[in-house]
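Notes for the one structure printed next.
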Amino acid sequence: MTISSFRITRFQFARDRVIGDSQVRADDANVAALELISDSGAVGLGFIQTLFTALPAQAEIERVFVAEVFPGLEGRKAIGLVHKVTRPRGGNLRAATLNFHEAVQVALWDLAAKDVGLPLYKLLGGERNRVRAYASGLDFHLSDADFEKLFAYAASIGYRAFKIKVGHDDFERDLSRLNILKKVVPAGSAIMVDANEAWSSKEASVKIAAIEKAGHDLLWVEDPILRSDFAGLRMLRECTPHTQINSGEYLDLSGKRLLLEAEGADIINVHGQVSDVMRIGWFAAEKAIPVSLGNTFLEMGVHAACALPEVEWLEYSFQNFDHLVDEPIEIRDGWAYAPERSGHGLVLSEAARKEWARPSILTREELGAAPANPRLPIF
């Protein structure tokens, strides 16, 4: 089953709510589906996503893909590419012009698992088929009322772990948000905060202590300081014995390895690049460092989460992407379930292709109403 062709479908639509953190915000979605098609007709699906600017027109995405990526895929078997290691030297160590890296990895693994007739999590060595999910609001720019509404709803449908955004210029606002959260979620829930590098190392230690003094027990603080401050991250681990430091989100594979070697994280945060995630997951397992799966597009990360021995949590942020596929990942009562279908189990919806495909760039005003989000009907 060799790769013979591809198809790219560009989507652009409004989100059902503004999302963001202490550093960024976004109120529209810019996504392209990448389908790698084999000579037998099997399809491997991945997604290209940008947060802050619209993707180029579909014709330009296709042109760049043909020029920079497809020659290395055409005529090859997916299973022979997923573990490929490139010798990084000089000018050959560079990213593609567009963000194809994750989409290609996911699509290749989808095809490889279909080729052997296995769900992806089983091909990756997984034996369990579910992992605990925590409710993450991407909530920094929500009003207090909408913040309360979102997390109260998450609690009502079975979540017992919650992560909120902190790092506001006014620290009292961070404390206020924690107080609101405490009011609407069950006692004993696991609480995490994410500062998205808003603090310095000394500032972070002071603020974590203040949060604890205010009566909030934290499971972890995510990305409290700069990703490159390994010494500061290690210091935080040592001076906050009751709160774990979760970091690595913004680092590539090599950076995550350096972070672990520097002992700068209690938990290493990974995302959706399947090959990279498995590599760092194996290294983390050798060091007995837990791994957390951050946001992955359409929760495809559930497969790696079920396969790696150190993963306890998968992030779920109620983003309105489910309409893009026929059967989204099942998330129920605070657990995410890996599909038993071959591959990663997600198939691009033909209805979505017909209704939501946008080959050309639209202005924000032209996007119209957001697609319905059945998993978050309160917005």
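The values are calculated or read from the model by the stated rules, or taken from the named source; none is laboratory data. Because the structure is a prediction, the values reported are computed rather than measured. Here the Cβ positions follow ideal geometry from the backbone for every residue, glycine too, while neighbour counts run over all protein chains shown.
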Exercise for review: Test each condition in (1) in contact with a Gly (Cβ under 6 Å, 6 or more places away or on another chain); (2) over 30 Å from residue 197 (Cβ atoms) for residue 102 and report the one that comes out false.
Suggested key: (2)
Point to revise | 1 or more residues surrounded by fewer than 16 Cβ atoms within 10 Å (Cβ to Cβ): qualifying helices (runs of 4 or more DSSP H) within region 92-182 | key: 101-116, 144-156
Practice item. Among residues belonging to region 354-379 that are within 19 Å of residue 9 (Cα to Cα) and under 23 Å from the mean Cα position of the chain (by Cα), point out the one that is surrounded by the fewest Cβ atoms within 10 Å (Cβ to Cβ). Key: 357
Exercise for review: Specify which of the listed residues (275, 360, 292) is in a helix (DSSP H, G or I) and of a type in the set (Gly, Ala, Ser).
Suggested key: 275
Check your understanding: If you take just the strands (runs of 3 or more DSSP E) that sit entirely in region 1-77, which of them hold at least 3 residues that are among the β-branched types (Val, Ile, Thr) and either touching a strand residue (DSSP E or B) at 6+ places or on another chain (Cβ under 9 Å) or assigned by TED's automatic domain parsing to the domain that holds residue 101 (or both)?
Key -> 3-20, 43-50
Check your understanding: Of 214, 262, which residue is among the aliphatic types (A, V, I, L, M), surrounded by fewer than 15 Cβ atoms within 10 Å (Cβ to Cβ), farther than 18 Å from residue 289 by Cβ and more than 23 Å from the chain's Cα centre (by Cα)?
Key -> 214
